[in-house]
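The values are calculated or read from the model by the stated rules, or taken from the named source; none is laboratory data. Model, not experiment: these values are computed from the prediction. Cβ sites come from the backbone with ideal geometry, for glycine too, and all protein chains shown count toward neighbours. All accessible areas refer to the heavy atoms of the entire protein, side chains included, with ligands and DNA or RNA removed. Shrake-Rupley method; radii C 1.70, N 1.55, O 1.52, S 1.80 Å.
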Amino acid sequence: MVPDFSDYRRPEVLDSSKSSQDSSETRKAFSYFLTATTCVTSAYVAKNVVTQFVSSMSASADVLAMSKIEIKLGDIPEGKNMAFKWRGKPLFVRHRTQKEIDQEAQVSLAELRDPQHDLDRVKKPEWIILIGVCTHLGCVPIANAGDFGGYYCPCHGSHYDASGRIRKGPAPLNLEVPYYEFPSDDLVIVG
């Protein structure tokens, strides 16, 4: 016995002795519509999957929040240094006196292991901003200490001047200067 599928067939093609060419356009339109709908839906789902995957690899909100730090410069008295935590590292912001600025500007580049002029390390001479990690083995130097009145790393005896330049000891490079900008006279944004 052959099963009867007439309940599932379109009325135009129920009669098997009659040609189905007359209704082919209607049936093709339905098939094309169904195919197009499936393609559009699949593309939408694929776009959402890719978007979710890519966004899962982007930085999280806590990482983005740590990427920049705003510092009010009015809170730092002249001649003093303040340390902040930025990206998991100490950040030194020093309000230099005119005497310190003049003293650092007079240092001969020939005396320096990592020659860099003071004005190349600052945007405003009265403010020096440094990452407080010794370039020898990554220790944290002490501010306002050492033979040159800048920073001193007690772990291995590296001495830095008030511009963060290495002057004595095993450290090979100057203290790193991060990217920073002054949106106003009393505010600095680091990062």
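Data overview
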| item | result |
| --- | --- |
| Net dipole in debye of the stretch 11-170 [+1 Lys, Arg Cβ; -1 Asp, Glu Cβ; about Cα centre; nearest 20] | 280 debye |
| For the stretch 1-119, with +1 on Lys and Arg beta carbons and -1 on Asp and Glu, the positive-most of PRO3, SER60, SER16 along the dipole | SER60 |
| Taking the convex hull of Cα positions in the stretch 1-70, its mean projected area over all directions (nm²) | 9.8 nm² |
| Å² per residue, accessible surface of the chain at 1.4 Å | 64 Å² |
| Translational diffusion coefficient (Stokes-Einstein; Kirkwood radius from C-alpha pairs) of the stretch 22-118 at 10 °C, 1.306 mPa s, in µm²/s | 78 µm²/s |
| Gain in span if fully extended, ALA145 to ALA61, counting 0.36 nm per residue against the direct Cα distance | 26.5 nm |
| Percent accessible area from carbon and sulfur atoms, the stretch 1-130, protein chains only, probe 1.4 Å | 59 percent |
| Two-site FRET efficiency, ALA29 against ARG9, from Cβ-Cβ distance with R₀ of 25 Å, rounded to 0.05 | 0.90 |
| Cβ-derived FRET efficiency at R0 25 Å, ILE189 paired with VAL50, nearest 0.05 | 0.15 |
| Whole-number percent relative contact order across the chain, with pairs defined as alpha carbons under 8 Å at least 6 apart | 16 percent |
| Point-charge dipole on Cβ atoms (K/R +1, D/E -1) for the stretch 89-139, about Cα centre, debye to 20 | 260 debye |
| Length added when fully stretched, LYS18-VAL40, from 0.36 nm per residue minus Cα-Cα | 4.3 nm |
| Helix-only mean residue ellipticity at 222 nm for the chain, each DSSP H run of n ≥ 4 adding -39500 (n - 2.57), per residue, nearest 500 | -8000 deg cm²/dmol |
| Volume per residue of the C-alpha convex hull in the stretch 64-141, rounded to whole Å³ | 112 Å³ |
| Around VAL133: net Lys/Arg minus Asp/Glu count, Cβ-Cβ under 13 Å | +2 |
| For the chain, alpha-carbon Rg relative to the globular expectation (2.2 N^0.38 Å, N residues) | 2.18 |
